[in-house]
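Worksheet for the structure shown next.
The values are calculated or read from the model by the stated rules, or taken from the named source; none is laboratory data. Fair warning: this is a prediction, and the values are worked out from it, not measured in the lab. Note that we place each Cβ from the backbone using ideal geometry, even for glycine, and neighbour counts take in every protein chain shown. In case anyone asks, the SASA skips ligands and DNA or RNA and just uses the protein heavy atoms, side chains included. Shrake-Rupley method; radii C 1.70, N 1.55, O 1.52, S 1.80 Å.
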Amino acid sequence: MSTYDSGPAEKDREPGKVTHWLGVSLLLLLVDQLSKYLASFMLPYGESVAVTSFFNWSHRHNSGAAFSFLADAGGWQQPLFIGLALVISVLLVYWLWRSPSVLSYQLALSAILGGALGNAVDRLRLGYVEDFLDFHYAQWHWPSFNLADVWIFLGAALFIWAEIRHQPDSDDR
């Protein structure tokens, strides 16, 4: 958090401001969980339905991390991924509390938090993450993913954009 290391003014740490952004995270978490429930309810595990020439609804289980990293590790990875998600979530809440009132920054942290908790809930409840979005071109398939992954990706992209946008110019030094 290079841009904001000095910390915000006390007025930016009002509980209502953090509560608002935690509400955004909760909303994203709920949308993610609802989408996973609908995908698993409407499509049997392993099934895939073509929606367009480049997109399928595909019901998959991922016991690994991104791109199924460590999916075949035998189960020890689940507590690790759950622990990482919870530690990162606590840090994100802290950063939300400490961050200045910059919309893009707070939205980024909230999106990452909602996504991290969405996948952590799956791991705690099911022992794996429900994936259902499958994009492809010809014989090439992007690994299946879910809305929590979308929230994390968009939040990380927005975070990077906010950091770049708020970097001081080298001419100002």
Practice item. Report, by residue number, each residue of the range 119-140 that is closer than 17 Å to Leu86 by Cβ and in contact with a Lys or Arg (Cβ under 8 Å, 6 or more places away or on another chain). Key: Asp122, Val129
Check your understanding: Is at least one residue of the range 41-61 among the aliphatic types (A, V, I, L, M) and at pLDDT below 85?
Key -> no
Revision key, fill the gap. Residue hits (the range 62-80; modelled with pLDDT of 75 or more and open to solvent by less than 80 Å² (accessible area, probe 1.4 Å)) are Asn62, Leu80
Check your understanding: Considering the range 103-140 alone, what residues qualify as being within 17 Å of Ala157 (Cα to Cα), aliphatic (A, V, I, L, M) and surrounded by fewer than 17 Cβ atoms within 10 Å (Cβ to Cβ)?
Key -> Leu103
Study note, to complete from the structure: Of the residues in the range 90-102, those that are surrounded by 18 or more Cβ atoms within 10 Å (Cβ to Cβ) and part of a helix (DSSP H, G or I) number 3
